[in-house]
Amino acid sequence: MTDTPSDNLDFRKPTAEVGYLLNQLVAASPPLDPNSIYCNLLQCSHFADTAVAVFDGEQLVGFVSGYVEPNKPDTLFVWQVVIAEAARGKGLAKRMLKHLLGREACAEVRYIETTITPDNEASWALFRSLARDLDTELNSEVFFERNTHFGGEHDDEHLLVIGPFQTSRH
Ligand SMILES: CC(C)(COP(=O)(O)OP(=O)(O)OC[C@H]1O[C@@H](n2cnc3c(N)ncnc32)[C@H](O)[C@@H]1OP(=O)(O)O)[C@@H](O)C(=O)NCCC(=O)NCCS
C-alpha cells in the first residue's frame, strides 16, 4: 500500500518529543477523550511502530495511535485518530491509516479494530470509507456500554471490525 503525497506533509514514526504536542492536539479535538501526557508519551515511544505523526513544518497536524492486539497478531487496534481542524476533509486520516498498514510492524495484519461512539459521524464515515477502499467488510457491535462500563458517564463505544484484507506487503 503506497502513500503518494501531493503536498509537503511529513509522515513520521513518533518519538517521545511528540507526546506533549499530541496531548494538546487531542485536547483541542472534541469529542476525543483526552489522555494523560504520560499515556501520550507511551503511545509515542512503546507503541511508535504502530503510530504515525504528520507534520506540516513544525506543526503536528495529525496523529494515529494504535497497537497490534496482544492476543491477535493479525489485528491492528486503532486507539485514536486526530486531525487538526484546518487539515480535515482532505483525505489525511485515511492516508495515515493506509500508511500504518504498510509498516513492517503491520506485516501480519489482516484486520483493523477500533471503537467509536454512535454519534461520531466523521469517524464512522472514515472507517466505512477505509473498508470500501480495502474491499472488505465492516462489522460492528456494542463493546463498552454506558452503564456497565462507564458508570453512566460516557456513551456506548461500538467495536468496528474491518477485514479480512490484504496489504501491498502480502
Ligand atoms: C474523524 C477525523 C479523524 C477525520 O479526519 P479527516 O482527515 O478529515 O478524514 P478524511 O478526509 O480522511 O475522510 C475520510 C472519509 O470520511 C469522510 N468524512 C470525514 N469527515 C467527515 C464528516 N465530518 N462528516 C461526514 N463524513 C466525513 C470523508 O468524506 C471521507 O469519505 P470518502 O472517502 O467516502 O470521501 C477528523 O474529523 C477528526 O480528527 N475529528 C476529531 C477527532 C475524532 O473524532 N476522531 C475520531 C475518533 S478515533
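Computed from the coordinates by the stated procedures, all read-outs in this text should not be read as laboratory data. Note that the coordinates shown come from a computational prediction; the quantities given were computed from them, not determined experimentally.
Observations, loosely collected:
- Cα centroid separation - the stretch 68-82 against the stretch 112-170, whole Å: 12
- For residue 94, a cut-off of 16 angstrom between C-alpha atoms picks up these aspartates and glutamates, skipping any fewer than 8 places away in its own chain: 3, 7, 10, 85, 113, 121, 133, 135.
- Segment residue 153-residue 128, length gained on full extension (0.36 nm per residue, minus Cα span): 6.3 nm
- Extension gain for the segment residue 167 to residue 37, taken as residue separation times 0.36 nm less the Cα-Cα distance, is 43.5 nm to one decimal.
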